[in-house]
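The values are calculated or read from the model by the stated rules, or taken from the named source; none is laboratory data. Keep in mind that what you see is a predicted model, and the values were worked out from it rather than measured. In this analysis, Cβ positions are derived from the backbone assuming ideal geometry, glycine residues included, and neighbour counts consider all displayed protein chains. In case anyone asks, the SASA skips ligands and DNA or RNA and just uses the protein heavy atoms, side chains included. Shrake-Rupley method; radii C 1.70, N 1.55, O 1.52, S 1.80 Å.
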Amino acid sequence: MEIKGNVTLVNGPVVMGSGMGAFKLNEMVTVGNKRLIGEVVILEKDLATVQVYEETEGLCANEEIISTGAPLSINLGPGMLGNMFDGIQRPLKKIETISPNFIPEGIGLLSIDTEKLWDTKIIVKKGDLLESGKVYGTIQETASILHKLLVPPNISGKVIEVKSDGEYKLNDTIVVLELKSGATHNLTLVQKWPVRKGRPTAERIPIYKPLITGQRVIDTFFPVAKGGTVGLPGGFGTGKTVTQHQLAKWSDADIIVYIGCGERGNEMTNVLEEFPSLIDPRTNRPLMERTILIANTSNMPVAAREASIYTGITMAEYFRDMGYDVAIMADSTSRWAEALREIAGRLEEMPAEEGYPAYLPSRLAQFYERAGCVRTLNGDEASVTIIGAVSPPGGDFSEPVTENTKRFVSAFLALDKKLAYARHYPAINYLTSYSSYVTILHDWYRDNVAEDMMYIRGKMMKLLQEEEKLNEIVQLIGEDVLPNDQQLILETARTIKKGFLQQNALHKEDTYVSLQKQYKMLKVLDVFYESALGCVKMGIPLTTIRQVPVYQDIIKMKYDVPNSQINLLDDLMEKIKISYDELRAKYQG
């Protein structure tokens, strides 16, 4: 029996209804004659407030609100990879065939294609006992990813019927389970899951390995862990989107979920046009074969923007449960927080700092805590890494979204306006950024890259910090009056910034750099500093040290040394030692 209520008030995406005492909190409903999709957010006796995920223009009083009996849920199954969705998992390509220019109201809760046939291999047999999270079939969804069909959480039983391998649609039953209660449960190629509820795992395990991105400033100076959380704040034009594109393209995650949350339409258009043309460097196949795009632009319904974050993280958890490492790029959580603020205002909730709702910190925490390195119900090790961009107005990092994000993330990659304007990309400020994963990943870097990598990294960070202090003196009295050893610190810091921290996303050798090459480049800088320091201690002027031809080779090593020939960096280290040994010998003689 359908449970119904009636619209009594329409306030943008917020609709109030009467006669709704039998509805449940967070239940998905359809609103009005157009059957707009909404969610119950407040219940008070027989009155309810509904958050509508579509445009409410034209909605009238007394139109019906109809219960669906379930919370806001999405379909999880083959067909998500390579697809582009809006904030509530409606495929944009399919919508384009219905309405080329805009998403029409009342289009319904479209989802992944239910008519497509999938070549399915069933790996269980009659009589098998299946627990939650176990794999009962596989589909080669793309050339890169094997899609594993999982028994839904909280379901377990004995296999009493199995179909043969073959082609099936999403809703076709391929395995029938007999539950302990004696009832039967049909397993298809798809399962539903409420977006606001995290999917269960066997256990959370300690983070121990890095998400390798190929970006030197991140991998070496501010490493990100698989299963970790990262805040990427920056003002307009500092390169948040380009940095996230680089991470999406080059990071060693198995699956990428890119959430364009409230960004400008033209920027999202660039993403939607560019991603399908990108080639995955790991497989030399289209990157979209392991990518899901969720687009909710600033002119789309504001309530769907609030839901898009949860849609993305639920999809990520589904692939994590298959044993994959998933990375989520949320661009940007500030626009998501603005959606919260607008809806809270329409709900007449008491505003807190800068008009944001008082529950902003807890909502951010709920989102970031769904990251993690886990043991799945099937016993696999997998992870979800969240990289959330933040767009503070005017680049002010003291505003509430940035400040609260800082509380819940373990790596904070602060993009700097001055660096961006100086054409230093990625514009990650090496003094205000931090990563608490440095100590956690120390052993991994020691065992897998080099024993002294983190030591040299610390040494280079110290030189950059010393340079910042010396710059204050230089601005007052000039560089020439500093002693030679301090001038060398300034020179080495400039070399680190220009030769190591700056990275050209458009240069084929520089766009991605392996950890082994990063270590060797770091070692080159260390050898240069120690060799030059030996010269300075002998009283050799810095101008002479700088004029040694090998100095230019250090600056250009990122371009001149191909990724396939990192042994050339060993030759460069030897060349540096010989050049400065000769210089010292010349002065001694």
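Surface composition of the range 441-589: carbon plus sulfur atoms hold 49% of the accessible area, using a 1.4 angstrom probe and ignoring ligands, DNA and RNA. Please compute the net charge surrounding MET28, taking Lys and Arg as +1 and Asp and Glu as -1 over other residues with Cβ under 12 Å from its Cβ. Here the charged neighbours net out to +2.
In the range 422-438, whose amide N lies under 16 Å from the spot 7 Å out along Cα-to-Cβ of HIS507? List them in ranges. Of the residues in the range 422-438, 423-427 have backbone N under 16 Å from the label point off HIS507.
Only one item in [x] 23; [y] 40; [z] 31 matches percent of Cα pairs over 47 Å apart derived from the coordinates shown, and that item is [x]. At 37 °C and 0.692 mPa s, what whole-number value in µm²/s does Stokes-Einstein give for the translational diffusion of the range 453-589, with Rh from the Kirkwood sum over Cα pairs? Reported coefficient: 210 µm²/s.
Computed from the Cβ-Cβ distance with R0 of 35 Å, the FRET efficiency linking GLU203 to GLU57 stands at 0.15.
What the Cα atoms of the range 19-75 give is an Rg and a Dmax of 10.7, 32 Å. Rounded to the nearest 0.05, the FRET efficiency derived from the C-beta distance between LYS406 and SER514 at R0 = 41 Å is 0.85.
One chain, two ends: LYS556 and ASN101. Fully extended at 0.36 nm per residue, the span grows by 159.0 nm beyond their Cα-Cα distance. Loop-resident GluC sites (Glu not before Pro) (DSSP state other than H, G, I, E or B) in the range 1-88 with no more than 15 further Cβ atoms inside 10 Å of their Cβ: GLU2, GLU57.
Helical runs (DSSP H, four residues minimum) scored at -39500 (n - 2.57) apiece and divided by the length of the chain put the mean residue ellipticity at 222 nm at -10500 deg cm²/dmol. A straight line joining the Cα centroids of the range 269-302 and the range 513-589 runs 41 Å. For the range 398-470, the list of GluC sites (Glu not before Pro) that fall in a loop by DSSP and count at most 12 other C-beta atoms within 10 angstrom reads GLU451.
At a probe radius of 1.4 angstrom, the accessible area of the range 323-469 per residue rounds to 41 square angstrom.
If you take the square roots of the eigenvalues of the alpha-carbon gyration tensor of the range 511-589 and sort them as a ≥ b ≥ c, do you get rounded (a/c under 1.5), prolate (a/b over b/c) or oblate? Judged from the Cα gyration tensor, the range 511-589 comes out prolate (a/c at least 1.5, a/b above b/c). The mean sequence distance of close C-alpha pairs (under 8 Å, at least 6 residues apart), as a share of the length of the range 299-368, puts its relative contact order at 31 percent. Extension gain, GLN475-HIS442: 0.36 nm per intervening residue step, less the Cα-Cα distance, totals 8.2 nm. The modelled label-to-label distance between THR184 and ASN11, using points 7 Å beyond Cα along the C-beta direction, is 5.1 nm. With q set to 0.18, 0.27, 0.28 Å⁻¹, the log10 of I(q)/I(0) for the range 257-313, from the Debye formula over equal scatterers at the Cα positions, is -0.62, -1.03, -1.07.
Straight-line cross-link reach from LYS523 at under 16 Å between alpha-carbon atoms covers these lysines, not counting any fewer than eight positions away in the same chain: LYS459, LYS462, LYS497, LYS498, LYS556, LYS558, LYS575, LYS577. Whole-Hz Karplus values for the range 371-379 come out as 6, x, 9, 9, 9, 6, 4, 8, x Hz, taken residue by residue from phi with 6.51 cos²θ - 1.76 cosθ + 1.60 and θ = phi - 60°; glycine and proline positions read x. Measuring spread by the Cα atoms of the range 296-422 yields a radius of gyration and Dmax of 16.0, 50 Å. For the range 571-586, putting each phi into the Karplus relation 6.51 cos²θ - 1.76 cosθ + 1.60 with θ = phi - 60° gives couplings of 4, 5, 4, 5, 5, 5, 4, 5, 4, 7, 5, 4, 5, 5, 4, 4 Hz, in residue order, rounded to whole numbers and with x for Gly and Pro.
Is any residue of the range 105-140 close enough, with backbone N under 20 Å, to a label point placed 7 angstrom from the Cα of ASP165 along the Cα-Cβ axis, and if so, which? Under 20 Å, as judged by backbone N against the label point of ASP165, lie 117-128, 135-140 of the range 105-140. Find how many whole Å separate the alpha carbon centroid of the range 433-476 from the alpha carbon centroid of the range 91-126. So the two Cα centres are separated by 49 Å. Spin-label pair ASP128-LEU92: with each label point 7 Å from Cα along the Cα-Cβ axis, the two points sit 3.8 nm from one another. Evaluating 6.51 cos²θ - 1.76 cosθ + 1.60 at θ = phi - 60° for every residue in the range 303-310, the Karplus couplings come out as 5, 5, 5, 5, 7, 4, 4, 6 Hz, glycine and proline recorded as x. Averaging the Cα positions of each part gives two centres, and for the range 343-395 and the range 1-44 these lie 26 Å apart. Shape class of the range 22-134 from the alpha-carbon gyration tensor: oblate, with a/c at 1.5 or above and b/c at least as large as a/b.
Rounded to the nearest 0.05, the FRET efficiency derived from the C-beta distance between ARG546 and GLU348 at R0 = 51 Å is 0.20.
With each label modelled as a point 7 angstrom along the Cα→C-beta vector, the LYS537-GLU289 pair spans 5.5 nm. Test of understanding: given the chain, find the longest segment containing no chymotrypsin sites (Phe, Trp or Tyr not before Pro) that are in a DSSP loop and have at most 12 other Cβ atoms within 10 Å. That would be 237-589. Straight-line cross-link partners of LYS240 among the lysines, defined as a Cα under 16 Å from its Cα and at least 8 positions apart when in the same chain: LYS249, LYS417, LYS418.
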